[in-house]
Structure formats: C-alpha cells, structure tokens
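One structure is given below, encoded as structure tokens.
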Amino acid sequence: MNKGVVVDVANIDVTYNKTRILSNVDIKIKEGEIIGLLGPSGAGKTTLVKVIIGMKEVDKGEVKVFDNKMPTLDVSKDIGYMAQSDALYDDISALDNVLFFGELYGIKGEAAKERAMEVLRLVNLDKDFNKAVKNYSGGMKRRLSLAIALLHNPKLLILDEPTVGIDPILRKKFWDEFERIKNAGRTIIVTTHVMDEAYKCDKLALIRDGEIISEGTPKEIIESSGGKTIEDAFLFYSREKGDE
Ligand code: ADP
C-alpha cells in the first residue's frame with residue numbers, strides 16, 4: 001500500500017439484490033485528512049462507508065484498510081463509526097451507553113468514566129448524561145452517537161451524515177472538533193449532502209448514481225469545472241457523466 005494511505009478502495013462494484021449500487025469506485029484516503037463523500041440521497045455514500053468498515057461485501061475489486069485486505073473485526077479498534085441511524089440502548093442513560101461501548105473497546109474502571117464524561121462534554125451532553133436515551137431528541141441521539149464513535153480515540157473516524165438534526169452552533173463545534181482530531185494526525189471520512197460542509201473538507205469525492213464523478217480538494221474540483229461553487233461543479237460533472 002502507498003505510504004500514508006489508510007483506506008485503499010480499488011475498482012469496486014457493489015450490488016444489492018442484483019442491482020448495481022456502486023460502479024468501479026476507486027479511491028485512496030490518506031492519513032491526516034478529512035475527506036467528504038458528497039452526493040444526493042441514494043447516491044451510494046452509506047454503501048461505500050459500509051464497504052470500508054467491512055459490513056458490505058464487494059462483487060468486484062478490493063478494499064484495504066490499514067493494510068488489511070478486507071476489513072475485519074481486528075481493525076475495528078482503530079475505527080470509530082457513527083452510523084446514519086443511531087444504534088443506542090434506549091432504556092439506559094447516555095453515560096451507561098458510552099460505558100457499555102467503552103467496555104467493548106476494553107476501556108474500564110475510573111478511566112472509562114473520565115473518558116466517557118470527556119466525550120459527552122465535547123458534544124454538549126455532560127448535563128444530560130443521566131437521562132435515559134428514550135427521552136433524548138433526535139439531535140441529542142446524534143450527538144451521543146458521535147461521542148461513542150470518538151470514545152476510543154480511533155485512528156480512522158467514519159461519520160455518516162453526522163450533522164443531520166444538529167443546530168448550527170453545535171454543527172460548528174462538531175466541525176471544530178473534526179479539525180482538531182485531524183490535526184492530531186487522525187483521518188476522518190464524512191458523508192454529507194450539505195454543500196457548505198463540503199468546503200470544510202481537505203478532499204472531496206463527488207458521488208452520483210454510484211460513481212465518483214470528481215475527486216480532489218474543493219478548490220481543484222471547482223477550478224477544473226470552470227464554476228464558482230461546489231454546487232456548480234456538481235452540476236457540471238453530473239452533466240459530463242450523463243453525456244457519456
Ligand atoms: P446514500 O448514503 O448516498 O443516501 P445509500 O448507499 O444509502 O445512499 O443507497 C444507495 C442505493 O442503495 C439506494 O438506491 C438504496 O435504495 C440502495 N440500498 C441501500 N441499502 C440497501 C439494502 N440494504 N438493500 C437494498 N438496497 C439498498
């Protein structure tokens with residue numbers, strides 16, 4: 001694997017019930033960058049993320065994560081994953097949720113409680129840590145899922161639409177935190193359909209109908225499209241693909 005490449009997705013095809021969802025997707029993700037997978041709903045972003053974490057098999061091509069051919073549970077300790085739907089235990093408190101997942105990663109005892117409160121503080125839930133999750137709003141659940149993904153300080157953080165239902169002030173706090181994590185040498189893959197979030201990413205892959213239609217820094221993508229915004233670029237590359 002090339003030096004500094006954390007995720008290497010090589011020419012993959014993915015199907016669900018014989019329907020092609022991803023076609024010839026090829027992307028390398030480097031250490032220490034925030035890469036945004038940008039595309040409309042149904043484009044295939046979640047499917048790509050699931051392939052990277054080993055939850056979905058490919059029909060063609062190869063995926064390597066930290067040099068492991070096809071991700072397995074062994075690499076999961078290095079990955080923090082925030083899914084699009086929150087996988088939380090409703091009847092117990094937020095803190096107990098965090099502690100439960102902490103234990104899965106071998107974080108136990110006093111250190112576990114300290115770390116749990118630290119991540120809850122990061123997502124502004126330190127005052128609500130004792131509430132049962134069933135009494136949480138959708139946004140609070142998203143925040144709790146992020147806290148859990150951050151808990152074991154993973155080398156690779158994969159966030160599927162992390163800011164859905166999050167108010168603008170907290171959204172900014174999330175992005176500040178992503179920046180801090182990146183500056184600590186970690187890698188973040190984030191899916192979004194929100195154009196303004198795209199500008200905060202170091203690299204972008206524009207995804208439409210299961211294909212990467214453009215890839216590069218936001219500036220490169222905009223300049224090569226001849227447009228002024230990411231939205232312009234998205235339309236340009238969508239049309240270009242459509243004309244093929
Ligand atoms: P995105 O994350 O960009 O919204 P997804 O990867 O969730 O896109 O979905 C891409 C396509 O794959 C959609 O057409 C969706 O209906 C289909 N799909 C996703 N998950 C499944 C599944 N479990 N079974 C069948 N089709 C699926």
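The values are calculated or read from the model by the stated rules, or taken from the named source; none is laboratory data. The shown structure was predicted, so the numbers you read here are calculated from the model rather than taken from an experiment. Note that each Cβ is placed from the backbone with ideal geometry, even for glycine, and that neighbours are counted across all protein chains shown. The protein model used for the area step is the full one, side chains on, heavy atoms only, and it has no ligands, DNA or RNA in it. Shrake-Rupley method; radii C 1.70, N 1.55, O 1.52, S 1.80 Å.
Here the Karplus curve 6.51 cos²θ - 1.76 cosθ + 1.60, taken at θ = phi - 60°, turns the phi angles of segment 47-61 into couplings of 4, 4, 4, 5, 5, 5, 8, x, 8, 9, 7, 9, 8, 8, x Hz, with x standing for Gly and Pro.
Proximity of backbone amide H atoms, modeled 1.01 Å from N, is registered between Gly80 and Leu156, Leu157, Ile158 at under 5 Å, excluding neighbours fewer than 5 places apart on the same chain. With θ taken as phi - 60° and the Karplus curve 6.51 cos²θ - 1.76 cosθ + 1.60 applied, the whole-hertz 3J(HN,Hα) list for segment 136-153 is 7, 7, x, x, 5, 5, 4, 5, 5, 4, 5, 4, 5, 5, 7, 3, 9, 6 Hz, x standing for glycine and proline. A Gaussian network model of the chain, with springs between Cα atoms under 10 Å, assigns the largest mean-square fluctuation among Glu110, Glu161, Glu179 to Glu110. Against the main long axis of the alpha-carbon atoms of the chain, helix 168-183 sits at an angle near 80°. When the Cα positions of Ile148, Val164, Cys201 are compared along the charge dipole of segment 101-201, Ile148 comes out farthest toward the positive end, with charges on each C-beta of Lys, Arg, Asp and Glu. The charge dipole of the chain, taken about its Cα centre with unit charges on the Cβ of Lys, Arg, Asp and Glu (plus for the first two, minus for the last two), comes to roughly 400 debye. Accessible surface area normalised per residue over the chain is 50 Å², counting heavy atoms of protein chains with a 1.4 Å rolling probe. With the simple spin-label model, which puts each label point 7 Å out from Cα in the Cβ direction, the Asn68 to Met55 separation comes to 1.6 nm.
Summarising the amide proton neighbourhood of Arg208: residues at separation of 5 or more, or on other chains, whose placed amide H is nearer than 5 Å comprise Ile213. Karplus-based coupling profile of segment 197-202, in residue order and whole Hz: 6, 4, 5, 7, 8, 6, with θ = phi - 60° in 6.51 cos²θ - 1.76 cosθ + 1.60 and x standing for Gly or Pro. Taking amide hydrogens as placed 1.01 Å from N in the peptide plane, the amide H of Ile21 sits under 5 Å from those of Val14, Thr15, Tyr16, each at least 5 positions away in sequence or on another chain. Taking Cα atoms only, the orientation of helix 94-104 departs from the longest principal axis of the chain by about 70 degrees.
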